[in-house]
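Peer 1: Dropping the structure in here first, questions after.
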């Protein structure tokens, strides 16, 4: 009955019934097909918590506006005036201030009013972006509590690969409706887990997804969807759309040759991606094509030069480019737009567990994980056992190497595809 009302205002809402049943039974509890008075009260409590949080965030941002305009990291924020938040209880004030401080001090990427985030070495915070992080985080807190497992060590809910698959299957109708579902389910789940756990500012590389990682990833997805629509509009002026009946299908070679031209000359994104702009304008055309092709290799459902790019491919590609940029900025400590050898070695701990899994190393072989990582970065491929032994034990093999975006893209490609 609720869906019939919703469908009147938003056609297609009935298709979301399986998802809503799953949310009802896991988050709100009770029978999946109906709402009791108790269920309605519980639902109202959940949404009251969300609106109260957003109310506090609005007041707290205004109170700290000058501080939040800083381009540097900040360690703390002030509470808003009591008179501005007197509708909230003391426990609510304490909880929401802790959350607000967390987003203002620990997060790096905030969408602006145009839907863009800044990927550079300084900070660019936005009120709407911070409140959006609060919304996404609120959603994932409830979702992870319903689907995930409590980790006693870290004192938080985590989602492993199997639990992530349950979430994706529960939300399949919604993902299909927005053309975000993929036919290669294993790659889809693996892609999300690895991008979230390894290639973000919040990533910790522990092989599971936490709420912080999911929050950053969710914000990135919104950003990618918004940017994709604008990107396709400009791409259509350059490349022939081979799709029929309004479908998107652009030749692979055409988009590869023009992706950064559209980014920086048509969409004027150089101010939002200053480091990527420098890379795109100082690297050879062939390196750029190789880089984009590597990213396509793990982002696309079927990475084939003969199959045109559809909208879903562009969303995944643009999202993956954001992930790589985020990881690159995190590793590039000295801000020279290159991952220097010491920075690469310091970043290895993030990738260690995934490299061990990729190579199938047992406990006695884990000493080779670092050499596999460096070999992969250097030669853009996974070594055979004989190649690994030569590389690891050869004293004349140069292992102190820098990494560029092409190298990081290759690491991500093999971690996802192998």
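Peer 1: Which one is surrounded by the fewest Cβ atoms within 10 Å (Cβ to Cβ), of the residues in the range 400-413 that are out of contact with any strand residue (DSSP E or B) (no Cβ under 8 Å at 6 or more places or on another chain) and more than 15 Å from residue 371 (Cβ to Cβ)?
Peer 2: Checking each candidate, the answer is 406.
Peer 1: Please return the ranges of helices (runs of 4 or more DSSP H) entirely within the range 22-118 where 2 or more residues are crowded, with 18+ Cβ neighbours inside 10 Å.
Peer 2: In the range 22-118, 37-63, 90-106 are the helices (runs of 4 or more DSSP H) which contain 2 or more residues that are crowded, with 18+ Cβ neighbours inside 10 Å.
Peer 1: Write out, first by first residue and then by second, each pair whose Cβ atoms fall under 6 Å of each other, whose residues are 6+ apart or on separate chains, and whose first residue, in the range 97-117, is over 19 Å from residue 222 (Cα atoms) while the second is outside any loop (DSSP other than H, G, I, E, B).
Peer 2: 100/57; 100/60
Peer 1: Restricting to the range 234-256, count the residues that are assigned to a helix (DSSP H, G or I), within 25 Å of the chain's Cα centre (by Cα) and under 22 Å from residue 294 (Cβ atoms).
Peer 2: Of all residues in the range 234-256, those assigned to a helix (DSSP H, G or I) come to 234-235, 252-256.
This time we only want the ones that are within 25 Å of the chain's Cα centre (by Cα), so: 234-235, 252, 255-256.
Still in the running and under 22 Å from residue 294 (Cβ atoms): 235, 252, 255-256.
Summing the residues that are assigned to a helix (DSSP H, G or I), within 25 Å of the chain's Cα centre (by Cα) and under 22 Å from residue 294 (Cβ atoms) in the range 234-256 gives 4.
Peer 1: Being in contact with a helix residue (DSSP H, G or I) (Cβ under 9 Å, 6 or more places away or on another chain) and in a loop (DSSP other than H, G, I, E, B) is the filter; apply it to the range 135-183 and report the residue that is surrounded by the most Cβ atoms within 10 Å (Cβ to Cβ).
Peer 2: Checked the range 135-183; the qualifying residue surrounded by the most Cβ atoms within 10 Å (Cβ to Cβ) is 148.
Peer 1: Take the residues of the range 265-278 that are surrounded by fewer than 19 Cβ atoms within 10 Å (Cβ to Cβ) and in contact with a helix residue (DSSP H, G or I) (Cβ under 8 Å, 6 or more places away or on another chain): which is farthest from residue 118 (Cα to Cα)?
Peer 2: For the range 265-278, the residue satisfying everything is 266.
Peer 1: Then there's this: For the subset of the range 124-134 comprising residues that are in contact (Cβ under 8 Å) with a residue 24 or more places away in the chain and either closer than 16 Å to residue 49 by Cβ or part of a helix (DSSP H, G or I) (or both), which member is nearest to the chain's Cα centre (by Cα)?
Peer 2: Only one residue tops the list, namely 133.
Residues checked against (1) closer than 21 Å to residue 29 by Cα; (2) without any contact (Cβ under 8 Å) to a residue 60 or more places away in the chain:
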| residue | (1), (2) |
| --- | --- |
| 144 | yes, no |
| 165 | yes, yes |
| 193 | no, yes |
| 198 | no, no |
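Peer 1: Still on this structure: Quick check: anything in the range 385-399 without any contact (Cβ under 8 Å) to a residue 24 or more places away in the chain, surrounded by 20 or more Cβ atoms within 10 Å (Cβ to Cβ) and touching a helix residue (DSSP H, G or I) at 6+ places or on another chain (Cβ under 6 Å)?
Peer 2: No, because not a single residue in the range 385-399 is without any contact (Cβ under 8 Å) to a residue 24 or more places away in the chain, surrounded by 20 or more Cβ atoms within 10 Å (Cβ to Cβ) and touching a helix residue (DSSP H, G or I) at 6+ places or on another chain (Cβ under 6 Å).
Peer 1: Only one of these is within 22 Å of the chain's Cα centre (by Cα) and within 24 Å of residue 210 (Cα to Cα): 102, 121. Name it.
Peer 2: None of the other options fit; the residue is 102.
Taken together, the values in this text are just the output of simple stated rules run on the coordinates, not laboratory data. In this text, all values refer to a predicted model and were calculated from it rather than measured experimentally. Neighbour counts are summed over all protein chains in view; Cβ atoms, including those assigned to glycine, are modelled from backbone coordinates with ideal geometry.
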